[in-house]
Amino acid sequence: MYPLCFTPDKKVSMEDVCQIYRNRYEGTEYSPDETGRGEIRVIGTETTLSAHVLQVYPDLPAEMSCVSWVSSGPAVCGVYVPVSNDCLNVSEAYGANQPANEKETFDTDHYPYYVFKELCDRGIGPENYKPYGKPVQAYWKEAEANMFTGMSEVIKKAEKIEDKETRAKYITAYCNEKQSQAFADGQEILNDVTWIQNKNSKTLKVKLNPETHELTGEKIEIPPMNISLNATKYKHVPEVPNGGFEFKLPFT
């Protein structure tokens, strides 16, 4: 039996909590991605439908005191994006519901779940983790760190806005921007992973001599993929416009 609640030995960051839900026992004998052991039940799995982490600000007004960090699809190769309880809505992609008549339609064009599900399926396992999974995880980790910092700055700015509607629109605009950016980045990364995997043979495991075409006995090692996207864009925090907002929210 494990205790339901406990006090940690040191302060726990948002990064720590989010990484726990991705934990696949890397660097140990229990890692299925490094050892090929399929009987181990890890924390971070490719079957996760979604994962949420709630960040509570006890000193703020109740209506803006909580931020849900949402991973649509498995968090292992996915990303947590912010949704404040003061948001008026979420971005179009994160708010879309797949119609019942589209059951079993794998749609990465419109739904974040399928994008991050596919990234996870392609990024885990002994052959895929190092060349694909780890670079994808590293990119999202940097993006998340920038969003954790950025969301805190947004909360501080929003706290000074007296008009509640203006405040809600400001927070909503920030959260929707990050959700839309993450979805777009996920689609681009998935395209790159798919392209590289299709280019690399899954049958030929040993290098050929380019002159004789004989097997050399040297195992083919696929290098880690390079993600050309810039995660520093997630640092962007908008200023509060003078005179309030005059824009149409992207999704209602």
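Select from the stretch 168-213 the residues that are more than 30 Å from PHE148 (Cα to Cα) and touching a helix residue (DSSP H, G or I) at 6+ places or on another chain (Cβ under 7 Å) and list them in ascending order.
Step one: of the stretch 168-213, the residues more than 30 Å from PHE148 (Cα to Cα) are 195-213.
Scanning the stretch 168-213 gives a single hit, GLN197.
For the stretch 131-160, name all the residues that are buried (at least 22 other Cβ atoms within 10 Å of the Cβ) and of a type in the set (Asp, Glu).
Correct list: GLU144 only.
For the stretch 15-28, what are the residues that are in contact with an Asp or Glu (Cβ under 8 Å, 6 or more places away or on another chain) and over 18 Å from ARG41 (Cβ atoms)?
Listed by number, the residues that qualify are GLU15, CYS18.
Can you pull out every residue in the stretch 102-116 that is at pLDDT 95 or above, in a helix (DSSP H, G or I) and of a type outside the set (A, V, I, L, M, F, W, C)?
Listed by number, the residues that qualify are PRO112, TYR113, TYR114.
For the stretch 64-100: of the residues being in a loop (DSSP other than H, G, I, E, B), in contact (Cβ under 8 Å) with a residue 60 or more places away in the chain and within 15 Å of the chain's Cα centre (by Cα), which is surrounded by the fewest Cβ atoms within 10 Å (Cβ to Cβ)?
Checking each candidate, the answer is TYR80.
Being among the hydrophobic types (A, V, I, L, M, F, W, C) and over 19 Å from the mean Cα position of the chain (by Cα) is the filter here; which residues of the stretch 15-55 pass it? So that I can check it myself, show each step before the final result.
Our first condition is that a residue be among the hydrophobic types (A, V, I, L, M, F, W, C); within the stretch 15-55, this holds for 17-18, 20, 40, 42-43, 49, 51, 53-54.
Answer for the stretch 15-55, where residues must be among the hydrophobic types (A, V, I, L, M, F, W, C) and over 19 Å from the mean Cα position of the chain (by Cα): just ILE40.
Give the stretch 29-45 a look and list any residue that's assigned to a loop (DSSP other than H, G, I, E, B) and out of contact with any Gly (no Cβ under 9 Å at 6 or more places or on another chain), or say none.
Step one: of the stretch 29-45, the residues assigned to a loop (DSSP other than H, G, I, E, B) are 29-31, 36-45.
Within the stretch 29-45, GLU29, TYR30, SER31, ARG37, GLY38, GLU39, ILE40, ARG41, VAL42, ILE43, GLY44, THR45 qualify.
The values are calculated or read from the model by the stated rules, or taken from the named source; none is laboratory data. Please read these numbers as outputs of a predicted model, since none were measured by experiment. Reconstructed Cβ throughout: ideal geometry from the backbone, glycine too, with neighbour counts over all protein chains shown.
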